[in-house]
Amino acid sequence: MLSTGINELKLRKEYAMQRPVVIFCASMILVSIILWMRYMPKIEADMEAKLDIVNEWSLPEELDEISGMVWVEDNIIAAIQDEDGIIYSYDLEKKDIVHQSTFGDKGDYEGLAIKGSTAYVVRSDGTIFQVDDWRNENPKTSEWETFLTDDHNVEGITLSADAQSLLLTVKDEDPSGKSFKGIYTFDLISHQLRKEPIAKIDFDDAAFNDDEDQGDDKVFNPSGIDVHPKTGEMYIVDGKKSKLIIMDKQWKIKKMVKLSESQFPQPESITFSNSGTMYISNEGKKGSANILQPKGL
């Protein structure tokens, strides 16, 4: 009994000696948890920009692989998908397709631009389809080949600010180099694509200094492009890594934004209304295809 009592006293003494250490460790763990809870959201916010979404439209099955779109007029957005040669008119108010016209056979169609009654569709191999009277169910279609190929994977196309040419972007390999992605101009009179890019998304630009993909020749993969009607700035989305670049009127990168992948899992196209309202579409391969209207950046 005496031995048992002595052992109990020893255990109590050892516990009393260890108790401050246990309390200190527990306190440090609690402080660490509090700090993590306080600052982790800020770190995540710096990595991604979660935009305020004003409106969202879930797209029908026909546009599950939406690859290009253009705002046409009140409530109407013209759109294409990357398998069928069809231009769809989607009504934002009715939330449905209200018209469609076939301009070509099946193919990998990636971008859409519109000037009045003429639509321009770019295929991934760089071929441009001129669709006259595009709202007609059987419009007249002409094809224009360029020096771009499937290796370059052309996905972005839009009308220039002066409406005299088309601006094209390549998603993968650039024909001129690996340290940038070029923006090329297609003249609407001569139907020729200039060899030299009019602008470059330079991966050595300061906008990419904090980018996790810095140094990678695929740091930015343009999938959609449009010019803001009010500012003349160019907006370009990346469908692979959910990013957005804004370039000023002098073709300098003004801002690079890492979009939230929960909102923009695969942004394939971007367009603006005449008043400057922004619309970004997501293809349905990583979720449901939709069109989002962000409040702004």
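The values are calculated or read from the model by the stated rules, or taken from the named source; none is laboratory data. Computed from a prediction, not measured in an experiment: that's the story for all the values here. Neighbour counts run over all protein chains shown; Cβ positions are idealised from the backbone, glycine included. Protein only, heavy atoms only, side chains kept; ligands, DNA and RNA dropped before computing areas. Shrake-Rupley method; radii C 1.70, N 1.55, O 1.52, S 1.80 Å.
With viscosity set to 0.890 mPa s and temperature to 25 °C, compute the Stokes-Einstein D of segment 45-168, Rh being the Kirkwood radius across alpha carbon pairs; µm²/s, no decimals.
Values: Rh = 15.2 Å.
The Stokes-Einstein estimate is 161 µm²/s.
Filter the chymotrypsin sites (Phe, Trp or Tyr not before Pro) in segment 43-141 down to the DSSP loop ones having no more than 14 other Cβ atoms within 10 Å, then list what survives.
Values: sites: Trp57, Trp71, Tyr88, Tyr90, Phe103, Tyr109, Tyr120, Phe129, Trp134; in loops: Trp134.
Sparse-neighbourhood loop chymotrypsin sites (Phe, Trp or Tyr not before Pro): none present.
Which chymotrypsin sites (Phe, Trp or Tyr not before Pro) in segment 198-286 sit in a loop by DSSP (not H, G, I, E or B) and have at most 15 other Cβ atoms within 10 Å of their own Cβ? Before the final figure, lay out each step's value.
Working: sites: Phe203, Phe208, Phe220, Tyr235, Trp251, Phe272, Tyr279; in loops: Phe203, Phe220, Trp251.
Here the chymotrypsin sites (Phe, Trp or Tyr not before Pro) that fit, given the DSSP loop and packing criteria, are Trp251.
A 30 angstrom limit on the alpha carbon distance is what I want to check against. Which of Lys50/Lys195; Lys115/Lys200; Lys94/Lys254; Lys106/Lys252; Lys140/Lys295; Lys115/Lys255 exceed it?
On the way: Lys50/Lys195 37 Å; Lys115/Lys200 25 Å; Lys94/Lys254 36 Å; Lys106/Lys252 37 Å; Lys140/Lys295 38 Å; Lys115/Lys255 28 Å.
Checking Cα-Cα distances, Lys50/Lys195; Lys94/Lys254; Lys106/Lys252; Lys140/Lys295 exceed 30 Å.
With no solvent and one point per C-alpha, what does the Debye sum give as log10 I(q)/I(0) for segment 154-244 at q = 0.16, 0.23, 0.24 Å⁻¹?
Rounded to two decimals, the profile gives -0.64, -1.21, -1.28.
Would you list Leu168, Leu188 from the most to the least accessible area, probe 1.4 Å?
Numbers: Leu168 0, Leu188 20 Å².
Of Leu168, Leu188, the descending order of accessible area is Leu188, Leu168.
Which order do peptides 58-64, 80-86, 155-161 fall in by mean Cβ count within 10 Å, highest first? Could the numbers behind the result be given before it?
Details: 58-64: 15.7, 80-86: 19.9, 155-161: 23.0.
Descending packing order for the listed peptides: 155-161, 80-86, 58-64.
Of the heavy-atom accessible surface of segment 142-297 (probe 1.4 angstrom), what whole percent is carbon and sulfur? Kindly include the intermediate steps, with their values, before the conclusion.
On the way: 2810 of 6730 Å².
Ligands and nucleic acids excluded, carbon and sulfur give 42 percent.
Just to confirm the filter: which trypsin sites (Lys or Arg not before Pro) across segment 131-220 are DSSP coil and have at most 11 other Cβ within 10 angstrom of their Cβ?
Details: sites: Arg135, Lys140, Lys171, Lys178, Lys181, Arg194, Lys195, Lys200, Lys218; in loops: Arg135, Lys171, Lys178, Arg194, Lys195, Lys218.
Passing both the DSSP loop test and the Cβ count: Lys178, Lys195.
I'd like the distance separating the alpha-carbon centroids of segment 225-285 and segment 65-86, in whole Å.
16 Å
Size of the dipole of segment 143-266 about the Cα centre, Lys and Arg at +1 and Asp and Glu at -1 on the beta carbon, nothing else charged, in debye to 20?
Values: 16 positive and 25 negative charges, 92 e Å.
Dipole magnitude for segment 143-266 comes out near 440 debye.
Taking only protein heavy atoms and a 1.4 Å probe, what accessible area per residue, in Å², does segment 75-182 have with all protein chains in place? Can you show the working numbers first?
Numbers: 4470 Å² over 108 residues.
With all protein chains present, segment 75-182 gives 41 Å² per residue.
Provide Rg over Rh for segment 127-184; use the alpha carbon set for both Rg and the Kirkwood Rh (inverse mean inverse pair distance).
1.05
What do the square roots of 5 times the Cα gyration tensor eigenvalues come to for segment 170-297, in whole Å, largest first, as semi-axes of the equivalent ellipsoid? Walk me through the intermediate numbers first.
On the way: eigenvalues 97, 73, 44 Å².
Largest first, segment 170-297 gives 22, 19, 15 Å.
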